[in-house]
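Inspection log for the structure reproduced underneath, given as structure tokens.
What follows is calculated from the coordinates using simple rules that are stated; it is not laboratory data. Because the structure is a prediction, the values reported are computed rather than measured. Using ideal geometry, Cβ is built from the backbone for each residue, glycine included, and neighbour counts are taken over all protein chains shown.
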Amino acid sequence: MNSVSRRGPIAEFFVGLWGVMNFTRRLILNILFFGLLLLFVVLLLAIAGAGGTKPLQDNTALVIEPTGPLVEQFSSDPAQRAFKHAIGDRDGDEIQLRDVLRVLDAAKDDKRIERVVLKLDRLQGSGMASLREVAAAIARVKASGKEVVAYGEMLDQKQYLLAAQASEVYLDPMGGMLLEGLGRYRSYYREGLQDKLGVDVHLFKVGEYKSAAEPYVLDAASPEAKEADLFWMNDVWQRYLADVAKARKLDPAKVAEGIDQLPAGIAAAQGDIAKYALQQKLVDGLKTAEEVGDMLAERGAGDNDAEDGYRQVSFDDYLGHVNSRANPVDPRPQVAVVVAEGEIAGGEQPPGQIGGESTAELLRDAREDDHVKALVLRVDSPGGEVFASEQIRREVAALKKAGKPVVVSMGDLAASGGYWISMNADKIYADESTITGSIGIFGLIPTFPRALDKIGVHSDGVGTTKFAGAFDVTRPLQPEVGQVIQTVIDKGYRDFTGRVAAARKRSVEQIDEVARGRVWSGAQAKERGLVDGFGGLQVAIDDVAQRAKLGKPGSYRVRYIEKEAPPFSQFFSSFAESRIGAYWLQKSDFMQGVAQVLLPHAMPQAAQDLRFLQSAIQPTRGVPVKSLAYCFCGL
């Protein structure tokens, strides 16, 4: 039998003493560690605070060189954006429309800004309505007497819409710029899904023009889809030609003729696209970037330390100057702005998407905030789930019931569910080239028994009724079940048109004539009573402030109500945006490696289409099919 030895009292004393010393050692080390950590955090905060904007000198050129698409709201958090900017990674960049407009309008009145320089090659596919708002802001700068110079190497026609507003437009001699017209082509998956894979997609809809789900059941666009698309696209294109011609002091017919005669014209210019643009008077000269820099250095204040040899301030730095003027404690009454951008889905959604619960919560916050007297809902959405759209619409109605006027400002796209959440506003503003309408409902149910048969998998079992398990996608869809689903979709369409009729004070029959899933331009929608007036966000803000009797601009504050970023994200973004923080991140090999491995990349359009199909078939509690009000109608 093993005996257990016991320590004597002297040994117990020294063991206890060692334990006390060990505890004290750990305590002191922990105090030192947390003290150093606190010191480090304070140091970083001091660095971030010290790394503010550089003083702005007189005779400075504002250089606007946007990277990525124009958006209403960033889809990434501040820390991620600041980190990517600091290390020079521009992949996936976005630029907020509101920031561009604020910078241009501030520069117009800023005596230190001598001229504005536009470099637009990296601006990506933005919508026509947003571009026209920016174009109008550029025109205001030019009208104030300040010179605006645009330069590009390879400009597409959307970038050129902005460049055309400049006092002078220059193109690289080896570059190019073509106006080609508007086109909208999509991939169609019926043969691949049905014939190749054995997936049967069942479409239930109301409205012969409701074409959002056609790619899953057809091999080409329906005649109705082509008719409707060409109708609104021609309207948008004619407006584009008129905008360009007005800015360049040309005849729209001559601009259109130059496009129609493109092959002969390019041949006559011996294949020189830049030369052809010059011949068409779309640009003022052919210069390299260095030559444009030399020209601007001669006109303005030279700066040998600047990249192009002339005194300049970047868009981001100047935005910092503009933002620094804001008063964090502002007692004035507020006009709130809530952004509804992206697809409409149920529940909580991140920025860049609209959540039935998350967006409704922002509207509810505005309703319950006594400082908020009125609200503008800025909508840029193709729609999505009907129930989520209805949750948001109810909050708009609740705001009005609480005595707070609501005005909708439509951006590039406010169609289908995007129109659903807009219709109850006191007034709806849109750009003439906004894409809207698409009042219609559809549902999709794919079934997979033939696909499973191909790999030898079969579905079988029992149910207590003939409809038990009827919505199981591994089984064929029974005709009686299809009838149930179509009845649900019909009811959804009646709800949609009925609510629009009540909101727009018209009969259901009148709304049905302009509904049936048909898409309209903003100008066409106004003619048909779906939109009240034309104008951008500022027009909507002015209108709603007047409705709330807030007085002249300056007597109230405009505040965006958005989800706040977590504290660490706010801290890290401040640090990364500071000059010292940005320098450290740029020079850190470790951070460069993290950026290359972890930062996301864009997915192809086909993957997005198929992901939409996947989300459409997610089961919804208590209903046989998810009702969708969605429009694939962007350009």
Requested in this report: May I ask for the distance between the Cα centers of the range 302-320 and the range 94-171, given as a whole number of Å?
Outcome: 17 Å
Query raised in the report: Farthest toward the dipole's positive end in the range 445-538, which of A468, P446, F496, given Cβ charges of +1 (Lys, Arg) and -1 (Asp, Glu) about the Cα centre?
Result: F496
Query raised in the report: Considering amide H positions built from the backbone, and no H for Pro or chain starts, which residues 5 or more places from N59, or on another chain, come under 5 Å of its amide H?
Result: E114
Query - Label point distance in nm, K142-D121, each placed 7 Å from Cα along Cα→Cβ - result: 2.2 nm
Query raised in the report: Over the range 165-283, what per residue volume does the convex hull of the Cα atoms give, in whole Å³?
Result: 157 Å³
**Report entry** Potential lengthening between R299 and L29 on full extension [0.36 nm per residue; Cα-Cα distance subtracted]
**Finding:** 91.0 nm
Query raised in the report: Based on the alpha-carbon gyration tensor of the range 276-425 and its eigenvalue square roots a ≥ b ≥ c, which shape applies: rounded if a/c is under 1.5, prolate if not and a/b is larger than b/c, or oblate?
Result: prolate
Report task. Would you work out if the range 343-477 is rounded, prolate or oblate? Take a ≥ b ≥ c from the square roots of the eigenvalues of the alpha-carbon gyration tensor; rounded if a/c is under 1.5, else prolate when a/b is larger than b/c, oblate otherwise. Result -> prolate
Query raised in the report: Hey, how many Å between the Cα centroid of the range 469-520 and the Cα centroid of the range 213-289?
Result: 37 Å
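Quick check for me: using +1 on Lys/Arg Cβ and -1 on Asp/Glu Cβ, what's the dipole size of the range 177-278 about its Cα centre, in debye to the nearest 20?
440 debye
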Report summary line: Full extension between E180 and E348 adds, at 0.36 nm per residue less the Cα distance, a length in nm of 56.4 nm
Report summary line: Full extension between Q279 and K246 adds, at 0.36 nm per residue less the Cα distance, a length in nm of 10.1 nm
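Can you tell me the dipole magnitude for the range 130-223 around its Cα centre, using point charges on the Cβ only (Lys, Arg +1; Asp, Glu -1), in Debye to the nearest 20?
My answer is approximately 400 debye.
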Query raised in the report: So how strong a dipole does the range 359-468 carry about its Cα centre when Lys and Arg Cβ are +1 and Asp and Glu Cβ are -1, to the nearest 20 debye?
Result: 340 debye
Query raised in the report: Computed FRET efficiency, Cβ-Cβ of L218 and E361, R0 45 Å: what is it to the nearest 0.05?
Result: 0.70
